[in-house]
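Everything on this sheet refers to the single structure shown next.
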Amino acid sequence: MAKVKITQTGSPIRRTGDQRKTLAGLGLNKMHRTVELEDTLEVRGMIRKVQHMVRVEG
């Protein structure tokens, strides 16, 4: 299955609790940290929820 690289570009400070939990669910907890995950519908939904705080490649 395809992989997708996700980099956190925005801070979770002053964001809602569900957006903070979504970042943690993606494995992101610090600025400019990058993770590589399987490209599934669940991951795409999580990315969409925090799209203003992440950069997606691949």
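What follows draws every value from the coordinates through simple rules; no lab data is involved. Predicted model only: the values in this text are computed from it and were never measured. Positions of Cβ are backbone-derived with ideal geometry, glycine not excepted, and every protein chain shown enters the neighbour counts.
A few remarks follow.
- Candidates Arg55, Arg48, filtered to the one that is within 9 Å of the chain's Cα centre (by Cα), closer than 11 Å to Lys5 by Cβ and basic (Lys, Arg): Arg55
- Residues being part of a helix (DSSP H, G or I) and surrounded by 15 or more Cβ atoms within 10 Å (Cβ to Cβ) - total across region 42-58: 4
- Residue within region 32-41 that is assigned to a helix (DSSP H, G or I) and either among the hydroxyl-bearing types (Ser, Thr, Tyr) or without any contact (Cβ under 8 Å) to a residue 24 or more places away in the chain (or both) present: yes
- Residue check for Gly27: of a type outside the set (Ser, Thr, Tyr), at positive phi and in contact with a strand residue (DSSP E or B) (Cβ under 8 Å, 6 or more places away or on another chain): yes
- Considering region 10-31, and only residues there that are surrounded by 12 or more Cβ atoms within 10 Å (Cβ to Cβ) and in contact (Cβ under 8 Å) with a residue 24 or more places away in the chain, the residue that is nearest to Arg55 (Cα to Cα) turns out to be Gly10.
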